[in-house]
Amino acid sequence: MRRLTLVRHAKSDWGDFSQADFDRPLNARGQRDAPAMGRRLHERGDLPERMVASPAVRAATTARCLAEAMGYDEDKIIFERSIYEAPVSALLHVVQSLPDEVEHAMMVGHNPGSEGFVHFLTGSPGVQMVTCSVVDLELKVGAWTEVGPNSARLRSHWFPKMFQE
């Protein structure tokens, strides 16, 4: 069974409007939430064999925080420019390009692409990916190249506010 875990980057900082969108960092909440979600992934045993992330600062930082908390080697994160501001077709291409020896992959990206990709893969609208959301999908395919519309089942969807008191 192949699995794909999709993560939307943690909350970013909008304090400097002169800063390019690509260069926006995480704000204090994002810096707290990303490692916390990584610890939850680690506790659940949800460790991917491959992590691919947008190189935009907020997504790259989220990926590094998740990796550190999960015990995933940060040097093995693959930064893929096409994930930034990506339409569903670009995200599909990234997933279909994964090597077949990988059974569980994680992609750290942005909205609206991430939500649209979940809808495309599951056929189910309505999964809202707030910042630092984690969506775990079970893929009904033998090879990554077979991933397409309605080829996945939603296993779980969770986000930081679910765990706050």
| Say we look at the stretch 114-165 and pick out the residues that are hydroxyl-bearing (Ser, Thr, Tyr) and loosely packed, with under 14 Cβ neighbours inside 10 Å; which of these is modelled with the lowest pLDDT? | Ser124
| Members of the stretch 150-164 that are among the aromatic types (Phe, Trp, Tyr) and outside any loop (DSSP other than H, G, I, E, B) | Trp158, Phe163
| message | I want to confirm something. Restricting to the stretch 1-44 and keeping residues that are in a loop (DSSP other than H, G, I, E, B) and under 21 Å from Ala105 (Cβ atoms), which single residue is farthest from the chain's Cα centre (by Cα)? | response | Met1
| query | Being among the basic types (Lys, Arg), closer than 21 Å to Asp136 by Cα and surrounded by 15 or more Cβ atoms within 10 Å (Cβ to Cβ), is that true of even one residue in the stretch 66-89? | reply | no
| request: Considering every residue within the stretch 77-84, establish whether at least one is of a type in the set (Asp, Glu), more than 24 Å from Ser156 (Cα to Cα) and not in a helix (DSSP H, G or I). | output: yes
| From the options Asp16, Asp21, residue that is over 20 Å from Phe79 (Cα atoms) and either touching a residue at least 24 places away in the same chain (Cβ under 8 Å) or not hydrophobic (A, V, I, L, M, F, W, C) (or both) | Asp16
| query | On the given criteria, is Glu146 under 20 Å from Met37 (Cβ atoms) and of a type in the set (D, E, K, R)? | reply | no
| Residue check for Leu47: within 20 Å of Trp158 (Cα to Cα), assigned to a loop (DSSP other than H, G, I, E, B), in contact (Cβ under 8 Å) with a residue 40 or more places away in the chain and in contact with a Leu (Cβ under 8 Å, 6 or more places away or on another chain) | yes
| note | With the first residue restricted to the stretch 139-165 and required to be of a type in the set (Ser, Thr, Tyr), and the second required to be assigned to a loop (DSSP other than H, G, I, E, B), Cβ contacts under 8 Å at 6 or more apart or on different chains are Ser151/Lys140; Ser151/Val141
| request: Could you list, in sequence order, all residues of the stretch 118-149 that are under 21 Å from Asp100 (Cβ atoms) and in a loop (DSSP other than H, G, I, E, B)? | output: Lys140, Val141, Gly142, Ala143, Val147, Gly148, Pro149
| said: Can you find, within the stretch 98-113, the residue that is surrounded by the fewest Cβ atoms within 10 Å (Cβ to Cβ) among those that are out of contact with any helix residue (DSSP H, G or I) (no Cβ under 7 Å at 6 or more places or on another chain) and not in a strand (DSSP E or B)? | reply: Glu101
| Test: residue in the stretch 25-35 that is over 14 Å from Thr131 (Cα atoms) and either in contact with a strand residue (DSSP E or B) (Cβ under 9 Å, 6 or more places away or on another chain) or in contact (Cβ under 8 Å) with a residue 12 or more places away in the chain (or both) | no
| said: Given the criteria crowded, with 18+ Cβ neighbours inside 10 Å and touching a Phe, Trp or Tyr at 6+ places or on another chain (Cβ under 7 Å), does Val95 qualify? | reply: yes
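The values are calculated or read from the model by the stated rules, or taken from the named source; none is laboratory data. In this text the structure is predicted, and so the values were computed from the model without any measurement. Positions of Cβ are generated from backbone atoms using ideal geometry, with glycine treated the same way; all protein chains shown enter the neighbour counts.
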